[in-house]
Amino acid sequence: MKIIPAELEHAEGLAEVSVKVWWSTYKEIMPRTYLDKMTVEKRTKGWKEKIKANEMWIFVALEDEKVIGYISGGPNRNQPLEFDGELYAIYILREYQRKGVGILLTRRLMECMEQAGYKNLIVWLLNNNHAWRFYEALGGEKVAEDSLEIEGVRLPLAGFGWNSLPKLVETLTLNKE
């Protein structure tokens with residue numbers, strides 16, 4: 001397996017992972033109508049635009065040249081909070097979860113963000129998403145709450161933060177899962 005920056009040729013793989021993971025992770029949380037509208041074609045177009053815009057870091061995990069997971073991050077999009085960086089998304093196909101892929105992807109992104117001068121980090125997730133265990137294991141603490149409305153349904157969000165990006169990078173380096 002290798003972790004590399006996403007290129008246009010990975011857009012469809014990013015979209016496939018995105019759609020599969022949304023269905024497997026959020027089918028009990030998200031309105032079905034929202035998930036039904038999610039297509040690989042639409043997501044591929046979106047990923048191509050994001051890769052071309054080059055406004056965030058996007059890394060893919062490849063197994064035999066197939067995208068099995070990805071991570072993205074960049075500047076904090078919720079500026080009232082005092083975190084300069086944000087982990088936007090990390091999605092890994094179910095059959096590759098709990099095998100160290102998340103650690104490798106996160107380490108790669110965090111090293112880039114630290115080198116770029118980011119000092120701290122936040123990630124937002126739906127309250128019912130069990131990924132909070134991953135973030136807590138890496139030293140993240142619940143620092144904020146918010147909500148998101150999708151298809152008329154208000155979904156609670158939790159913000160997990162790290163006050164020291166260098167400390168997170170150190171934790172990731174020590175955690176070779």
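Bear in mind these aren't lab numbers, they're just calculated from the coordinates by the rules spelled out. Fair warning: this is a prediction, and the values are worked out from it, not measured in the lab. For neighbour counting, all protein chains shown are included, and Cβ atoms are generated from backbone atoms with ideal geometry for every residue, glycine included.
Values computed for the structure shown
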item	result
Test: residue in segment 130-145 that is closer than 27 Å to Glu16 by Cα and exposed (fewer than 15 other Cβ atoms within 10 Å of the Cβ)	yes
Candidate set: segment 48-79, residues that are closer than 21 Å to Val143 by Cα and surrounded by 12 or more Cβ atoms within 10 Å (Cβ to Cβ); chosen: the one farthest from the chain's Cα centre (by Cα)	Asn78
Pairs where the first residue, in segment 9-30, is without any contact (Cβ under 8 Å) to a residue 12 or more places away in the chain and the second is of a type in the set (A, V, I, L, M, F, W, C) and surrounded by fewer than 19 Cβ atoms within 10 Å (Cβ to Cβ), C-beta under 6 Å, 6+ apart	none
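Quick grid of which residues meet (1) closer than 24 Å to Tyr96 by Cα; (2) part of a helix (DSSP H, G or I); (3) of a type in the set (Phe, Trp, Tyr):
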position	(1), (2), (3)
Ile4	yes, no, no
Leu14	yes, yes, no
Val17	yes, yes, no
Lys20	yes, yes, no
Ser24	yes, yes, no
Glu28	yes, no, no
Thr33	no, yes, no
Lys52	no, yes, no
Glu55	no, no, no
